[in-house]
1. Just to be sure before I move on: is Leu156 modelled with pLDDT of 95 or more and in contact with a Gly (Cβ under 8 Å, 6 or more places away or on another chain) in the structure I sent?
2. If you go through the range 199-236 one residue at a time, how many are over 19 Å from Leu122 (Cβ atoms), of a type in the set (Val, Ile, Thr) and modelled with pLDDT of 85 or more?
3. Could you tell me which numbered condition Gln44 fails, if it satisfies all but one of (1) closer than 21 Å to Lys224 by Cα; (2) surrounded by 14 or more Cβ atoms within 10 Å (Cβ to Cβ); (3) modelled with pLDDT of 95 or more?
4. Does Val133 satisfy being in a loop (DSSP other than H, G, I, E, B) and either charged (D, E, K, R) or open to solvent by less than 40 Å² (accessible area, probe 1.4 Å) (or both)?
5. I'd like the full set of residues that are more than 17 Å from Ala72 (Cα to Cα), surrounded by 13 or more Cβ atoms within 10 Å (Cβ to Cβ) and without any contact (Cβ under 8 Å) to a residue 24 or more places away in the chain, limited to the range 159-184.
6. When the range 60-71 is examined, which residues are found to be more than 11 Å from Ser159 (Cα to Cα) and in a helix (DSSP H, G or I)?
7. I'd like the full set of residues that are of a type in the set (A, V, I, L, M) and open to solvent by 20 Å² or more (accessible area, probe 1.4 Å), limited to the range 47-74.
Amino acid sequence: MTDIDSATQEALSYTSYLALDEVLGAQRPRSEEHDELLFIVIHQVYELWFKQMLHEATYLQECLEAGTTAHAIRTVRRILSILKVAVAQIDVLETMTPSQFTSFRTRLDASSGFQSAQFRELEAVLGRRDERVFAHYPEGGEQRKRISEAMARPSLFDSFLAYLKASGYPVECDRDVTRPVEPSPALQAILLDMYRDDGGPSVVAECLVDLDEGMQEWRYRHVKMVERTIGDKTGTGGSSGATYLRTTLFQPMFPDLWAVRSRL
């Protein structure tokens, strides 16, 4: 075996392929408290899932804009499965009592889940347009740049509208994509026709409703976990904690897909 063959074989080992030395060495608790490791691991896993959901969302938009219905449906279902895992992880986090969290909370300094740039980017991909999120990211930083770019691109719903237009529905696709999606009676009339046709686009639409509901479930479980752990205390990053999180509840990403249901 040559040195090149040996190096290739080494590169394909389980540990090196998954970069396990880096991954398993990335947990650096700042206290001796038993539960801090759990807190770190869960949030690192969340960030990995956010990364995967962003990857899938990019592909989903490509599928919609290319009109590949089957691929779009499969991709939404994968994102939904990831969301279910993310929500289920809250059950693990809730095995930590308020006093156990308090034992190391002060070591977190100003760090907070509000600073998750990947989640903010995911929100932007799904249609959120709110410049207040930039308060946590300095000017010129890479994280702020990624969120800003996501807010300037067509959202997932814009890609869905392009998909509908390519499918033969008279949808207007010239809206300002830097603005949040607003309910449109004209679009809802088109969606009624789409649902009555009961074809591929209506299945995709229902998958998007599932995704919207999944995100709302994530927000609800997140709020209740925060309330259960710290009540109405101020968040570690200086946020209003659960008080702020409650304001994010029951705000659909795709309002037209919900509004049309009362007319079906």
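The values are calculated or read from the model by the stated rules, or taken from the named source; none is laboratory data. A quick note: this is a predicted structure, and the numbers were derived from the prediction, not measured. Ideal geometry is used to build each Cβ from the backbone, glycine not excepted, and the neighbour counts take in all protein chains shown. Quick note on the areas: whole protein, heavy atoms, side chains included, nothing else; ligands and nucleic acids left out. Shrake-Rupley method; radii C 1.70, N 1.55, O 1.52, S 1.80 Å.
1. Details: modelled with pLDDT of 95 or more: yes; in contact with a Gly (Cβ under 8 Å, 6 or more places away or on another chain): yes.
Here the answer is yes, as Leu156 does meet what is asked.
2. Number satisfying all stated conditions: 2.
3. Every listed condition holds for Gln44 apart from (2).
4. On the way: in a loop (DSSP other than H, G, I, E, B): no; either charged (D, E, K, R) or open to solvent by less than 40 Å² (accessible area, probe 1.4 Å) (or both): yes.
No.
5. Val171, Cys173, Arg175
6. Residues of the range 60-71 more than 11 Å from Ser159 (Cα to Cα): 68-71.
Within the range 60-71, Thr69, Ala70, His71 meet the criteria.
7. Looking only at the range 47-74, we keep the residues that are of a type in the set (A, V, I, L, M), and these are 48, 53-54, 57, 60, 64, 66, 70, 72-73.
Leu48, Ala66, Ala70, Ile73, listed by residue number.
Yes/no per residue for (1) more than 14 Å from Thr69 (Cβ to Cβ); (2) open to solvent by 40 Å² or more (accessible area, probe 1.4 Å); (3) free of Cβ contacts under 8 Å to residues at least 40 places away in the same chain:
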{"residue": "Phe157", "(1), (2), (3)": "yes, no, no"}
{"residue": "Ala186", "(1), (2), (3)": "yes, yes, yes"}
{"residue": "Asp193", "(1), (2), (3)": "yes, yes, yes"}
{"residue": "Arg196", "(1), (2), (3)": "yes, yes, yes"}
{"residue": "Ala205", "(1), (2), (3)": "no, no, no"}
